[in-house]
Amino acid sequence: MRYSIRHHLLMAAAFLVSAAIAVWAGVGLDSYAVPASLTFPVATAVFASVFGLTGDLAGRASAVTHRCPECGLTIHLTGTTREESQRLRETISRHPHRL
């Protein structure tokens, strides 16, 4: 699968934002003298949660969406070539319209 430069930049930004929020949470816990054995897992969990959310949003921002105007069929693609995207667009345009 080949991703665009835009997708890589969005994922890098999501990583940096997640890391910054996790460090902020870790520093906040450290200011209350929470032991490192608790601070590290909490900061790691915060990083994983925020990166999961922002990574999903970054993926959606870099996705190509094809919709059928008649029945509402929607397909989201990431990491596809122009040929694959065009082939799927043609497939959607001639699929049976069933509800």
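Per residue, the chain exposes 74 Å² of accessible surface when a 1.4 Å probe is rolled over the protein heavy atoms with every protein chain present. Under a Gaussian network description of the chain, with springs only between Cα atoms under 10 Å, the residue in 18, 31, 62 that fluctuates furthest is 31.
Accessible surface of residue 30, taken over heavy atoms with a 1.4 Å probe and every protein chain present, rounds to 100 Å².
Once the Cβ-Cβ distance of residue 32 and residue 5 is raised to the sixth power relative to R0 = 30 Å, the FRET efficiency obtained is 0.10.
I need the helices of the chain that pass two filters: whole DSSP H segments spanning 27 Å or more by Cα along the axis, and mean Kyte-Doolittle score no lower than -1.0. Both cut-offs are met by 5-31, 36-61. Per residue, the average separation of C-alpha pairs within less than 8 Å and at least 6 apart gives the chain a relative contact order of 31 percent. Each semi-axis of the equivalent ellipsoid for the chain is √(5λ) with λ an eigenvalue of the Cα gyration tensor; in descending order they amount to 42, 15, 8 Å.
The values are calculated or read from the model by the stated rules, or taken from the named source; none is laboratory data. No experiment lies behind these values; they were computed from the predicted model shown. Positions of Cβ are generated from backbone atoms using ideal geometry, with glycine treated the same way; all protein chains shown enter the neighbour counts. With ligands, DNA and RNA removed, areas are computed over all heavy atoms of the protein, side chains included. Shrake-Rupley method; radii C 1.70, N 1.55, O 1.52, S 1.80 Å.
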